[in-house]
Amino acid sequence: MKMGSKKRLVVKVGTNTLTDKTGFLDKSYLQVFTQQLARLAHSGHEVTLVSSGAIRVGMARLGIKKVRSLRESQAAAAVGQGLLIDIYNNLFQKEDITIAQVLLVADDFRVRSRYLNARNTLFTLFEKNVIPIINENDTISAEEIKFGDNDNLAAQVTGLVNAGTLVFLSDVDGLHERNGTKLGKRIRCIETITPEIEILAGKSASAHSRGGMITKIEGARIATEGGADTYIANGREENILARLLADEDVGTHFIPQARWRDSRKRWIGMSSAVNGTIVVDDGASNALMSSKKSLLAAGIVRAFGQFQAGDIVAVTTLQGEEIARGLVNYNVQEIEKLKGIHSRLFPQILGYQGNPEIVHRDNLFIFRHKKEGVYESE
Ligand code: GLU
């Protein structure tokens, strides 16, 4: 990130960074943190904050030591979200900044009309110099359709608003090398997220937040695929955001992989809710990866899940590796009937002409990181 240029950036802050040991909001930290964000906003950057903390803060207020059910954590989130936004409102007001609360669920990213609505709202907030403060709408999102962690949500939001930068602020200062079980030195810059990098991330979720290094790496993968510089840094380090902006040697920087021109494809590729899977043979997988081909029935081996025409499906290899996502032209039962055959035979099977493509190239997003050397995603 270069100083001076105006950035649209998404900052995600985790529960452990915002709360003290008892689970209450750490007001003195929040004050310093909001001042940093306000300075960025006043210097012309368009800032979106993705803030966790609702469940933990709600638990503390309700005296809940350990949540015993989904509905208890959803109730805690309802209490905590209000407390969270109240303190942000007070602190940002002191900095002469207006905030907006935006609560999203996974379906808001899956249904294109809702995605576009959210996007338009956020763009309007930027025009009015408002800082949107986003969280998952935990109170209504059921377990199976949840984002689950705000690292994923923040990465999706980065795509939603076309942000060039995503910063994960956490209680660690970045991704570290490992010497056996010991933590080695911090990795300053990561060009590609390899399996080795994923292993370094290990497992580090805590009792009160869903995230950990692994979800940040996943988030970094989504955001860098979408063309955003992504950072993991310690939220408690002094003036951390400005220092990242000034390219100081802090945190871990993930280099963006692509600049996406087509926002529709971005939506397809980043959609967190995939309704089913289409498994393709090696020929089809190579055709998708190496040339701008549509997905045809001939290369399909099987389809599963509960999807309808117009839903988003994952396309995987025989080995189960996801290579693409696309908006599908047929439902799962139809694809099961059409798999392996040429489209000229479709009328005999379907009773009507139908689309020759199962997923048209224009509606197909190829994961470019999956195959080195072939960069096909537009
Ligand atoms: N949405 C959750 C909360 O506000 C946080 C999820 C996470 O920890 O990533 O409590």
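The values are calculated or read from the model by the stated rules, or taken from the named source; none is laboratory data. What you see is a predicted model; the values in this text were computed from it and never measured. Cβ: placed from backbone, ideal geometry, glycine included. Neighbour counts: every protein chain shown. All accessible areas refer to the heavy atoms of the entire protein, side chains included, with ligands and DNA or RNA removed. Shrake-Rupley method; radii C 1.70, N 1.55, O 1.52, S 1.80 Å.
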Scanning the stretch 151-172 residue by residue, those within 8 Å of the chain's Cα centre (by Cα) and under 20 Å from Thr121 (Cα atoms) turn out to be Leu153, Ala154, Ala155, Gln156, Val157, Thr158, Gly159
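Looking for something over 30 Å from Arg266 (Cβ atoms), within 16 Å of the ligand (Cβ to nearest atom) and either in contact (Cβ under 8 Å) with a residue 24 or more places away in the chain or of a type outside the set (A, V, I, L, M) (or both) - is there at least one such residue anywhere in the stretch 92-103? Working first, answer last.
Going through the stretch 92-103, the residues over 30 Å from Arg266 (Cβ atoms) turn out to be 93-96.
Next cut, within 16 Å of the ligand (Cβ to nearest atom) only: none.
No, the stretch 92-103 contains no residue that is over 30 Å from Arg266 (Cβ atoms), within 16 Å of the ligand (Cβ to nearest atom) and either in contact (Cβ under 8 Å) with a residue 24 or more places away in the chain or of a type outside the set (A, V, I, L, M) (or both).
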Can you tell me which of (1) open to solvent by 40 Å² or more (accessible area, probe 1.4 Å); (2) more than 16 Å from the ligand (Cβ to nearest atom); (3) modelled with pLDDT under 90 is the one Lys185 doesn't meet? (3)
Given Glu357, Glu336, which one is open to solvent by 60 Å² or more (accessible area, probe 1.4 Å) and either in a loop (DSSP other than H, G, I, E, B) or charged (D, E, K, R) (or both)? Glu336
Quick check: anything in the stretch 113-133 within 18 Å of the chain's Cα centre (by Cα), within 13 Å of the ligand (Cβ to nearest atom), within 26 Å of Ala242 (Cβ to Cβ) and not aromatic (Phe, Trp, Tyr)? yes
Within the stretch 140-147, can one find any residue that is buried (at least 16 other Cβ atoms within 10 Å of the Cβ) and in contact with a helix residue (DSSP H, G or I) (Cβ under 7 Å, 6 or more places away or on another chain)? yes
Working only within the stretch 186-198, note down all residues that are without any contact (Cβ under 8 Å) to a residue 24 or more places away in the chain and within 23 Å of Val13 (Cα to Cα). Ile197, Glu198
What residue, among those in the stretch 11-57 that are open to solvent by 20 Å² or more (accessible area, probe 1.4 Å) and small (Gly, Ala, Ser), is nearest to the ligand (Cβ to nearest atom)? Ser28
Scan (1) surrounded by 13 or more Cβ atoms within 10 Å (Cβ to Cβ); (2) farther than 30 Å from Asp311 by Cβ for the single condition Lys94 breaks and write down its number. (1)
In this structure, does Leu116 turn out to be open to solvent by 60 Å² or more (accessible area, probe 1.4 Å) and closer than 20 Å to Gly227 by Cα? yes
Test Ala78 against the stated conditions and say whether it is at pLDDT 95 or above and open to solvent by 10 Å² or more (accessible area, probe 1.4 Å). yes
If Gln156 satisfies every condition in (1) part of a helix (DSSP H, G or I); (2) at pLDDT 95 or above; (3) among the polar types (S, T, N, Q); (4) within 16 Å of the ligand (Cβ to nearest atom) but one, which is the exception? (2)
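Identify all residues within the stretch 58-78 that are more than 23 Å from the chain's Cα centre (by Cα), within 11 Å of the ligand (Cβ to nearest atom) and hydrophobic (A, V, I, L, M, F, W, C); write none if there are none. Even if it seems obvious, please write down each step before you answer.
As a first pass, look at the stretch 58-78 and keep what is more than 23 Å from the chain's Cα centre (by Cα): 58-69, 71-72, 75-76.
Next, only the ones that are within 11 Å of the ligand (Cβ to nearest atom) stay: 58-59, 67, 76.
Listed by number, the residues that qualify are Met59, Val67, Ala76.
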